[in-house]
Amino acid sequence: MTGDAELCLCLAACGGDGFQRFLVSPESQVAREGDNVVLRCIIANQRGKVQWTKDGFALGFHREVPGYPRYSYTGDASRGQHHLAISSLSLSDAGEYQCQVGPTLSNPPIWAAANLTVVLPPSGISLVGQSDGSVVEVVAGASLTLRCRVPDARPPPRILWYLDEKQLPADQVDSQVVRSVMPHRWSVRSRLTLQPRTQDDGGRVICRVLHPGLAGGGSLATSIILSVLHPPGPPAISGMGEGDTLQAGERRNVTCTSLGGNPRPSLIWYRAGRLLDDSYKPVVQERSVRTINTLELLATEADDGVVLECQAASDLLHLPLTANVTLSVYYGPAAVRVSGPARAEEGQSIALRCETSPSSPPASLVWRVNGEEVVSPNAVVKRVPSGGWVTSSRLEWQVEGPWQDKAPRQLAVECEAEHQSLPHSPHHTLLITLVKPAGAPMLGGKVLQPVMTGSSAEVTCASPHSLPQTSIRIYHAGKIVPTRKEHTPAVTQARGRVRVDPPDNGSMVRCEVISPASTKPKVTSSRLSVLFPARELMGSMEPEVAAEGSRVTLTCLTSSSNPPANLTWTAQGSLPPMATTTTSPAAFGGTSTRSEVLMVVQAEDHERRLTCEANNGLGSPLQKSFVLNVLHAPVWREKLSEQISVWEGSDVSITASATANPGPVRYWWRRGEETLVGAGGTLRLGSATKSMAGNYSISAYSQRGAINTSFFLNIQYGPDSVMAPDEVTVNEGDAVEVRCSASGNPLPSLTWMAGNQSVGSGVGVARLVLRSAQREDTGLYTCQASGNLPSRSQSVPTKLIVTQPVSVSEDNDKVKGSWASLGGKGQLVCQVRAAPAPTFLWTTHEGTKIQSGEKYHVHKPVEVDGLVTWSSVLEVLDVSPQDYQPYHCSATNPLGSGSTVLTLRPPSRPFPPTNLTVLNAKCTV
């Protein structure tokens, strides 16, 4: 408020009527520590006393506030001006201040309050770990975290983040307010997370703090410069494009440019892979950086076809980025040259060749002979490694004849090269002297055919159409051969002989014809072919001692021979091995034959003999033998069968045989886990018993290993434990099967016998089968068991009883009774056939039942044949005449009954004997 305004307010206050009131009320203020502040207070119609309070504590009415040297009331009190002035603010000055006007009788008290806030600016700002303006490197796209710290401020400051003056969004910022170690102050920590992009390279990241305590309400800031690491862009070439051509000697600036890249890339020119120019430099335009390298190119012939390559390299690239251009430089040939013979003969066809030095593009050729242009075959264009093309052309020219005059003549051959880049075409002329020499020599004789070593062969050389002064010489192996000359008008001939040995094979026989018309002799030659056999056959075996399963190489090598020797292999006890045969040049121009056998040797190959034989049809064959020495673990020479069978009681001796290299071979016999004592490869067990049967094993071992085999000892024995029922009873008409079994190894043969007739058989088990049993089948049957040992045959009987009613025995019908003397004892026997057993009843002829007593004794019935024949005996005691009478015998069983009458008679003449049995006999001389 200006002074005039205050004056107006004051006049109003002083001159007006009414209650006291505030014209200017105190207003809240914010001030920095150390500042001076004034809290304004103007009262209109002031009647009461004025004082200020701080946080309710009265400061008093004195203009110089006692106890507060920095406090004072200012203004014109008579005008109602009671301002509170505070100098050099401190934190203790903050609080609520009231301007209070006391009451009067006619005016109530009034007061107005204002707050004074003392602010403390932050003591500083810093980026943790970074200095202000420092450069921070980060890979493009990678996460970067920056931490900003603003300490010791009141109130807490506000932190904002900027990237090149553009505020960053809040979702990238995390800020925390913490109490400072200094009283009444706060510190703020703010963390920024961002992922710089390539275009952020060189950008400034700013941490800015806003706080009322800063001068002018401004801000405090610190920052870093981003160095965003990113690879450069691919290089681009300007000033020279594909398809552009240069003339030799032309100058051209070629520029390579690569955009971006941090760190800045190296940009290097290479010519054909070799460094050419590394003078690159960066060019900065605002935030855009590019690297350039300008090459000043002077085109030369050597640059044609050369690849210029620009490589942009950076630590961020695994491989350099490249761009290239292939130079195309036009230049003509520097020279052209004709080559051919210096002399030519009558009728001779000569070959001429013209060739340019390199040019680009290829030059064209023109031939002229003696000044006249001639047509030649198509030229051959060839790219040369040094660059450019070489054009060549061949011309075949026939020298005409015969010549009438003998004076030498010349042939002028010119070749000219034409090229679009040359104002003048280079050319070259070859002068050829024409001559008429002697005819070509011809070799003849046996030397042109294969010659056996140790013999001599004729050699001839003739030159047709030669002049008389022609000279002929024959050479063998560089030495002149003695000859005799023969001359005719058409031919001059020399004849000699050559003796040959193996070193002469392939040696040269040469004939020279020398004519004054030729600058050098005419020559023909032929090589001798000498036939000779191989003198030596060498052999090797690698290794000489080989382990089983390893490879052994047998090699036979012949000395030199012509023709090559054939090598054949034979092997003891087996087919010839497969061999690889090769030949190679050898001494005297012959051939050495090599044959190699590669074998994987086994134990059975030990001490096997292999022989190779060399023969080329000349001389006697040569032989070389090898004996294999194979180290092997034991192998069975006599291997036991899986089962060994012996008869019980026989002597058991088992032999196994193994061989090993080196020996000796030791043996270990076992039965299960039990070790047995054997005599080397023989195990003797003694007399065979059944308990010896079982699984046995034998191990044969040596220092190189062991082998095992097992076998089962099978103890064979005859029939044993023959079992069949003692008695079988069957109802008449029913079926019955009687089973007989026996043990044995092997199982015995079983046969059911009825007397001498076989009625059933089997192995191990035999069955006696009756489909419908009849009483006639009743009898004693025998099961006989037999094996491979006859002495061990066994048999068991079985009674087969077919049930039947009582029938009187035929013997009873024949006898009809018995005789007895008076006073003696008579005996009547009653026999019947019955099954089951019958009961007997004796009665007199009057029908009186007879029981044992003083007169009679009835014996207990007896089974006579052990089957179905039963006998009941009646004894008549103290025979009297009355006892000579018929007696009735009846028998009964569940199936029926039968009876017979037997008569007791007095003695009479005896009946003739029906049977004689000798019980004892003696013979005395």
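The values are calculated or read from the model by the stated rules, or taken from the named source; none is laboratory data. Bear in mind that the values here come from a model prediction, so they are computed numbers and not experimental data. Neighbour counts are summed over all protein chains in view; Cβ atoms, including those assigned to glycine, are modelled from backbone coordinates with ideal geometry. To get the accessible areas, we keep the full protein, side chains included, count just its heavy atoms, and leave off ligands, DNA and RNA. Shrake-Rupley method; radii C 1.70, N 1.55, O 1.52, S 1.80 Å.
Yes or no, residue by residue, for (1) surrounded by fewer than 17 Cβ atoms within 10 Å (Cβ to Cβ); (2) outside any strand (DSSP E or B):
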site	(1), (2)
669	no, no
675	yes, no
695	yes, no
713	no, no
733	yes, yes
Next on the checklist: Is it the case, given these coordinates, that residue 79 is charged (D, E, K, R), over 30 Å from residue 161 (Cα atoms) and free of Cβ contacts under 8 Å to residues at least 60 places away in the same chain?
Outcome noted: no
Checklist outcome for this item: Given the conditions (1) within 60 Å of the chain's Cα centre (by Cα); (2) open to solvent by 70 Å² or more (accessible area, probe 1.4 Å), every one holds for residue 745 apart from (2)
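Could you list, in sequence order, the residues of segment 290-314 that are farther than 24 Å from residue 329 by Cβ, in contact (Cβ under 8 Å) with a residue 60 or more places away in the chain and assigned to a strand (DSSP E or B)?
Once the filter is applied, which keeps residues that are farther than 24 Å from residue 329 by Cβ, in contact (Cβ under 8 Å) with a residue 60 or more places away in the chain and assigned to a strand (DSSP E or B), segment 290-314 yields only 312.
Filter segment 864-888 down to residues that are under 15 Å from residue 807 (Cβ atoms) and part of a strand (DSSP E or B) and give me whichever is nearest to the chain's Cα centre (by Cα). Don't jump to the end; show me each part of the working.
Let us first name the residues in segment 864-888 that are under 15 Å from residue 807 (Cβ atoms), namely 864-865, 867-872.
The next check asks that each one be part of a strand (DSSP E or B); those that pass are 869-872.
Working: 869: 92, 870: 95, 871: 98, 872: 101 Å.
Out of the qualifying residues, it is 869.
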Checklist entry - Is it the case that residue 573 is out of contact with any Lys or Arg (no Cβ under 6 Å at 6 or more places or on another chain), in contact (Cβ under 8 Å) with a residue 12 or more places away in the chain and at positive phi? => result yes
Next on the checklist: Residues to consider are 243, 273, 233, 239; find the one that is of a type outside the set (S, T, N, Q), crowded, with 17+ Cβ neighbours inside 10 Å and either farther than 30 Å from residue 159 by Cα or within 46 Å of the chain's Cα centre (by Cα) (or both).
Outcome noted: 233
Checklist outcome for this item: When every residue in segment 276-293 that is surrounded by fewer than 17 Cβ atoms within 10 Å (Cβ to Cβ) and polar (S, T, N, Q) is compared, the one modelled with the highest pLDDT is 279
Next on the checklist: With the condition being open to solvent by 80 Å² or more (accessible area, probe 1.4 Å) and either among the hydroxyl-bearing types (Ser, Thr, Tyr) or modelled with pLDDT of 90 or more (or both), I'd like the strands (runs of 3 or more DSSP E) fully within segment 6-62 carrying at least 1 qualifying residues.
Outcome noted: 21-24
Item to check | Residue among 102, 129, 67 that alone is open to solvent by less than 70 Å² (accessible area, probe 1.4 Å), out of contact with any helix residue (DSSP H, G or I) (no Cβ under 7 Å at 6 or more places or on another chain) and of a type outside the set (S, T, N, Q) | outcome: 102
Next on the checklist: If I ask for residues that are in a strand (DSSP E or B), over 30 Å from residue 296 (Cβ atoms), open to solvent by 30 Å² or more (accessible area, probe 1.4 Å) and of a type in the set (S, T, N, Q), which ones from segment 315-373 would you list?
Outcome noted: 339, 349, 364
Item to check | Flag for residue 718 being without any contact (Cβ under 8 Å) to a residue 24 or more places away in the chain and either surrounded by 15 or more Cβ atoms within 10 Å (Cβ to Cβ) or not in a helix (DSSP H, G or I) (or both) | outcome: no
Checklist entry - Would you call residue 778 in contact with a strand residue (DSSP E or B) (Cβ under 9 Å, 6 or more places away or on another chain) and surrounded by fewer than 19 Cβ atoms within 10 Å (Cβ to Cβ)? => result no
Checklist entry - How do the pairs read when you match residues in segment 250-263 that are among the acidic types (Asp, Glu) with residues anywhere that are open to solvent by 60 Å² or more (accessible area, probe 1.4 Å), using Cβ under 9 Å and keeping only pairs 6 or more apart or on different chains? => result 250/298
